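*Asks:* I have a structure here, written as structure tokens, and I will follow up with some questions on it.
The values are calculated or read from the model by the stated rules, or taken from the named source; none is laboratory data. The structure displayed is predicted, hence computed values, not measured ones. Please note: Cβ atoms are built from the backbone with ideal geometry, for glycine as well, and neighbour counts cover all protein chains shown. What goes into the accessible areas is simple: the full protein's heavy atoms, side chains included, and nothing from ligands, DNA or RNA. Shrake-Rupley method; radii C 1.70, N 1.55, O 1.52, S 1.80 Å.
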Amino acid sequence: MMKKKIFKSKEFCLAILIPAFIYGLALPFFWGNNPASELGTLSLLCESPDKKIYFWLWGILTSGSIIANTQLLYSRYNIRSKVSNFFCLLSFIGVCVVALTLGHSIEDWNPKRIAHWVATGLFIAFTVVPLLLPFIQHRKENKNFPIFAVCTVLVLMSFVVIFVFVGKSALMEMIPIALIEIFLFTVNFTKVFKTQELCETAKQ
């Protein structure tokens, strides 16, 4: 009950979303880092023992704020999805595994590096899917849901666009996540989507 009350609190969700957004855009520039460089990813930036805490803070703020605001969105639209809730949990576990596998060699595909990449992929997937799946499944129940689904797909496509035109860099971590946070802020804390019709309870 306490968890549900916290996630339904707009004050809590906003209080964690704003610092997550600011920190996520600021961290890639720490210590003179170039976020557009192939060697400028957060994993390499924070791989030393004295800097890993900065990555942990980023991971907890980022994943925590997205999960909390996703749950707030679910509450506002009366969405019930055990599958999506499970994916939210997996996304947080994924970012923790990413943090635990920092400091791996990039000279070869060693087990720690493979685990890091797999965990990164799972973190991305399980962050996006809970924002996409309910809106596709129940797109006919609320006129906003198709719009939400398109916004989520565009965020996902931004990963691909950045990789194609810039390559592997911290921009792939900064921009898509910032877009997700902007989307959640817009839905939860503005009146851009004025229609607040509740969808019927969706059972998974």
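*Asks:* From L27, L17, L57, L44, grab the single residue that is modelled with pLDDT under 95 and assigned to a helix (DSSP H, G or I).
*Replies:* Only one candidate qualifies: L44.
*Asks:* I'm checking my understanding of the structure. Among residues of segment 97-117 that are over 14 Å from L44 (Cα atoms) and among the hydrophobic types (A, V, I, L, M, F, W, C), which one is surrounded by the most Cβ atoms within 10 Å (Cβ to Cβ)?
*Replies:* Out of the qualifying residues, it is V97.
*Asks:* Every residue in segment 36-78 that is open to solvent by less than 10 Å² (accessible area, probe 1.4 Å), more than 14 Å from the chain's Cα centre (by Cα) and closer than 18 Å to P176 by Cα, please.
*Replies:* Within segment 36-78, G40, L42, F55 meet the criteria.
*Asks:* Consider only pairs whose beta carbons are under 6 Å apart and that are at least six residues apart or on different chains; among these, list those whose first residue lies in segment 30-56 and is more than 24 Å from V164 (Cα to Cα) and whose second residue is open to solvent by 70 Å² or more (accessible area, probe 1.4 Å) and not in a loop (DSSP other than H, G, I, E, B).
*Replies:* Here the result reads C46/Y54, each pair linking segment 30-56 to a residue that is open to solvent by 70 Å² or more (accessible area, probe 1.4 Å) and not in a loop (DSSP other than H, G, I, E, B).
*Asks:* Is it true that some residue in segment 175-187 is in contact with a helix residue (DSSP H, G or I) (Cβ under 9 Å, 6 or more places away or on another chain) and surrounded by fewer than 16 Cβ atoms within 10 Å (Cβ to Cβ)?
*Replies:* Yes.
*Asks:* Which residues, counting only those in segment 118-149, are of a type in the set (A, V, I, L, M, F, W, C), in contact with a Gly (Cβ under 9 Å, 6 or more places away or on another chain) and open to solvent by less than 60 Å² (accessible area, probe 1.4 Å)?
*Replies:* Passing the criteria: A119, F123, I124, A125, F126.
*Asks:* For segment 150-167, which residues satisfy the criterion of being hydroxyl-bearing (S, T, Y) and surrounded by 19 or more Cβ atoms within 10 Å (Cβ to Cβ)?
*Replies:* T152
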